[in-house]
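The values are calculated or read from the model by the stated rules, or taken from the named source; none is laboratory data. Since this is a predicted model, take the numbers as computed values, not measurements. Cβ sites come from the backbone with ideal geometry, for glycine too, and all protein chains shown count toward neighbours.
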Amino acid sequence: MSHASGTLFRVDGRERIRGCLLGGAIGDALGAPIEFESLAAIRATYGPSGVSGLVGTSWPPGTITDDTQMTLFTAEGLLRAGRGSAYALEHIAHAYDRWLLTQGEGHAAATGWLVTHRELHARRAPGNTCLSALRSGRRPGRRGALNSSKGCGAVMRVAPIGLVHHAPFEVAAEAGGLTHHHPSGYLSAGAFAQVLATIMTGATLHDAIDAARIELRRWPDHEETLHAIDSAVSAASVPGSPSAEVMESLGQGWVGEEALAIALYCALVAPDVRTGLLLAVNHGGDSDSTGSIAGNLLGALYGYDALPGDLVEAVEARDLIATVADDLASAFLDGEAPDRTRYPSNATAVRSRGGFRRRTDG
């Protein structure tokens, strides 16, 4: 019986964090070669079940994209802020500036350990909304990006916030709002982080979804995101085997609430991690992002040891991702001070971000 259907697995927090970040990277790499392809085209190329493992196109099999890159920079921002910091959002904003630098743009200081990894400098079809919002250099505060985008570029990168921050919904929503101004863009990020935070307590996925619903209803303009979540739960209750056709009734994943709904559906119906990952990418839509989000969910639910070993070994930057995951666990679960040679704090830069609404509760 799966975790989603009510059985609680005894997985410790460190294994959940590792599983979440590496599971997301695997889903990202599985989906990247078939992003933009229709379901019919995927089946024509790879067979009736679609892709069944890591494949290559213009990139080698196992290649990660901007989804995993930005997730790692989210984690870096949290680690630079440190446990209990009131300035996590500001540090995350600076981390995204450094990600922009790795894409050959921007003027951030190239400090710290993460930017030294060349695989993170590869330009892997980064989202235009993220690029344009970060290029502007404007940091006006809560949900302040100067656009009306609800693309999935916010929800696909915030998993680390859900894993370790004590105010996951708010911080993830505000981090999403740095680039995506539409409520369904940043609220899907907040809801996803809340789901992961509740999973970290050992709760079932159904209980985690309920917790996200409760928090979501406290925010203005939540109706579209809530409807998408409810639709995912309803789709998961449809009798019969999980299918791409049922999943595609939830959308294509290009926008935040649809990407979240697809990932939730896959995690709810999958009997195991591999099945859930493959289901999440074999559809006509934003396959790498839905795969990444579903991989985050499945990895957090079942833990690192449940990830398919062949996929873990083949995914790009696996050692780097595992190290960042372990650093998060050490800092936020074990209470150890972050390694400041890897994650230097930048108090001067934080103070310069005067436009942020200051948090008083850490």
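Brief remarks on what is shown
- Hey, L320 of a type in the set (A, V, I, L, M, F, W, C), over 24 Å from G256 (Cβ atoms) and out of contact with any strand residue (DSSP E or B) (no Cβ under 9 Å at 6 or more places or on another chain) or not: yes
- Residue that is farthest from A267 (Cα to Cα), among those in the stretch 21-39 that are under 14 Å from the mean Cα position of the chain (by Cα) and among the hydrophobic types (A, V, I, L, M, F, W, C): A29
- As a summary of the residue check, G112 satisfies the conditions (1) in a loop (DSSP other than H, G, I, E, B); (2) small (G, A, S); (3) within 29 Å of R274 (Cβ to Cβ); (4) out of contact with any Ser or Thr (no Cβ under 8 Å at 6 or more places or on another chain) except for the one numbered (3).
- Any hit, the stretch 304-323, residues being more than 30 Å from A40 (Cα to Cα) and free of Cβ contacts under 8 Å to residues at least 12 places away in the same chain: yes
- Failed criterion for I214 (all others in (1) under 28 Å from G77 (Cα atoms); (2) part of a helix (DSSP H, G or I); (3) touching a residue at least 12 places away in the same chain (Cβ under 8 Å); (4) more than 19 Å from the chain's Cα centre (by Cα) hold): (3)
- A search for C-beta distances below 7 Å between a residue of the stretch 135-157 that is assigned to a loop (DSSP other than H, G, I, E, B) and among the polar types (S, T, N, Q) and any residue that is at pLDDT 60 or above and surrounded by fewer than 17 Cβ atoms within 10 Å (Cβ to Cβ), counting only pairs 6+ apart in sequence or on different chains, returns S136/L146.
- None of T7, T63, T45, T71 is farther than 22 Å from G127 by Cα, at pLDDT 95 or above and polar (S, T, N, Q) except T45.
- Pair list, Cβ < 8 Å and 6+ apart or interchain, from the stretch 33-59 residues that are touching a residue at least 24 places away in the same chain (Cβ under 8 Å) to residues that are among the basic types (K, R) and in a helix (DSSP H, G or I): S49/R43; G50/R43
- Lone unmet requirement of (1) within 28 Å of W254 (Cβ to Cβ); (2) touching a Pro at 6+ places or on another chain (Cβ under 9 Å) for G112: (1)
- Flag for T71 being polar (S, T, N, Q) and farther than 24 Å from I17 by Cβ: no
- Under the condition of being among the acidic types (D, E) and farther than 18 Å from R16 by Cβ, the residues counted in the stretch 155-208 number 2.
- Filter result for V195 (touching a strand residue (DSSP E or B) at 6+ places or on another chain (Cβ under 9 Å) and of a type outside the set (S, T, N, Q)): no
- Enumeration of residues in the stretch 10-28 that are surrounded by fewer than 24 Cβ atoms within 10 Å (Cβ to Cβ), touching a Phe, Trp or Tyr at 6+ places or on another chain (Cβ under 9 Å) and not small (G, A, S): V11, R14, E15
- Yes/no for A280 being within 22 Å of G162 (Cβ to Cβ) and either among the aromatic types (F, W, Y) or at pLDDT 95 or above (or both): yes
- Across the stretch 107-140, the qualifying residues are those that are under 20 Å from A154 (Cβ atoms) and touching a His at 6+ places or on another chain (Cβ under 9 Å), and the one among them that is surrounded by the fewest Cβ atoms within 10 Å (Cβ to Cβ) is G137.
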